Amino acid sequence: MSKEDFFSAIEDLEEERGISADSLIETLENALVSAYRKNTGDQVANVKIRLNPEKGTVKYYVVKKIVAEVTDPSSEISLEEARTHKKSYKEGDDFELEFVPLKFGRIAAQTAKQVIMQKLREAERDSTLAEFESKENDIQNCIIRRIDGGSVYVEIGSGQIEGVMLPQDQVPTERYNVNDKIIVYVKKIRNNGKNAQILVSRTSAGLVRRLFENEVPEIKQGIVEIKAISREPGQRTKIAIYSSDPNVDPVGACVGMRGVRVNAIVSELNGEKIDIILWSEDPLEFISKALSPAKVLKVTAIEGEKVAKVIVPDDKLSLAIGRDGQNARLAARLTGWKIDVKSESKAAAEAAAAEIAE
């Protein structure tokens, strides 16, 4: 790389990539000093290298401290000797003596090229990350490229950016293999210089939200609103939806003709069950619907607490509670209420016992 190419590259980086020329020059000067010391083995001398893009020059200096009495000639120079070069020098100043390094041109050119290429890569990465900042909390198509230490690494977009799906963001029932194509939710973008990361997830409720927004035009248009989502990844999701338009059936819109819309989402989630719940501003009515698919006979609230007592038919108790309590647990998360589910016969027995006690 000639000096002309070298300084032209600096200009191009500033104009086309938005990289500060001052920052690049400082990086280059430091890199050249390190390369010089490594090449010459001279770790003692304080060497300074200055680049001047306007003049197209690269100059090398040995820097010494001006002292009254020299004790270390490699780093000090007497005031008397310094003033033979410039009369205005005073004790404590830095004395700079220009020199021409021998056989360093090729190494200097290689170093400059490496620094410029590194800056280019960093600029491309930063540009891509900046583009991805708008995609945080969105979904992206990607390809699994490697699996390491329990984490799944995916290639997003054109391959300039790598996302990582940590173990806690992986669905326990899913199996991930290299070259698999999957849809992920972009949780967070961490830009810590060289350690920039895009954290992606398959477990986030945001994934379900975005899938519904993409699949159901009425949600994207704002006609149907997603009020809340509760999810146990790989098992079941409950989603509460609402429309202020009396002419719109929000549940029907999400299900689609013959279930085509919700089935597409279930397929993407590898068979995860989805309960679509009609939201109500009446919390007791909302709780009743949230326990779907179970039939609810009665819902009462404990005064002053967000606790609801729910009575269901005897033969629907296990359905209302769900396997390992899952249905009731998801309903509680969806509504924000603690839910106590009892069978009709048990509730009647408790009421009778209470009357006797009175």
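The values are calculated or read from the model by the stated rules, or taken from the named source; none is laboratory data. Just so it is clear, the structure is predicted and the values come from calculations on it, not from any experiment. So basically every Cβ, Gly included, is an ideal-geometry build from the backbone, and we count neighbours across all protein chains shown.
Determine whether residue 281 is under 17 Å from residue 242 (Cβ atoms) and in a helix (DSSP H, G or I). In short, no.
Of everything in segment 295-309, what is crowded, with 19+ Cβ neighbours inside 10 Å and either over 12 Å from residue 283 (Cβ atoms) or of a type outside the set (Val, Ile, Thr) (or both)? Give them in sequence order.
Residues satisfying the conditions are 296, 308.
Here's the yes/no breakdown for (1) closer than 30 Å to residue 8 by Cβ; (2) in a strand (DSSP E or B); (3) in contact with a Gly (Cβ under 8 Å, 6 or more places away or on another chain); (4) among the charged types (D, E, K, R):
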| site | (1), (2), (3), (4) |
| --- | --- |
| 49 | yes, yes, no, no |
| 65 | no, yes, yes, yes |
| 73 | no, no, no, no |
| 80 | no, no, no, yes |
| 98 | yes, yes, no, yes |
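Is there a residue being in contact (Cβ under 8 Å) with a residue 60 or more places away in the chain and basic (Lys, Arg) anywhere in segment 91-113? Yes, there is a match, as at least one residue in segment 91-113 is in contact (Cβ under 8 Å) with a residue 60 or more places away in the chain and basic (Lys, Arg). Among residues of segment 66-89 that are in the same structural domain as residue 48 (by TED's automatic domain parsing), those with a beta-carbon under 7 Å from a residue that is of a type in the set (Val, Ile, Thr) and assigned to a loop (DSSP other than H, G, I, E, B) at least six positions away or on a different chain give the pairs 74/44; 76/70; 77/70; 78/70.
Each row is one residue, and each column tells you yes or no for (1) under 16 Å from residue 190 (Cβ atoms); (2) over 14 Å from the mean Cα position of the chain (by Cα); (3) aliphatic (A, V, I, L, M).
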| site | (1), (2), (3) |
| --- | --- |
| 135 | yes, no, no |
| 139 | no, no, yes |
| 143 | no, yes, yes |
| 148 | no, yes, no |
| 162 | yes, no, no |
| 167 | no, yes, no |
| 172 | no, yes, no |
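Kindly check whether there is at least one residue in segment 292-306 that is over 25 Å from residue 223 (Cα atoms), assigned by TED's automatic domain parsing to the domain that holds residue 214 and not small (Gly, Ala, Ser). There is no residue in segment 292-306 that is over 25 Å from residue 223 (Cα atoms), assigned by TED's automatic domain parsing to the domain that holds residue 214 and not small (Gly, Ala, Ser). Taking the criterion of being part of a helix (DSSP H, G or I) and touching a residue at least 12 places away in the same chain (Cβ under 8 Å), the residues of segment 247-274 that qualify are 250, 251, 253, 254, 255, 261, 262, 264, 265, 268. Specify which of the listed residues (37, 17) is modelled with pLDDT under 70 and surrounded by 13 or more Cβ atoms within 10 Å (Cβ to Cβ). From the options 37, 17, the qualifying one is 17.
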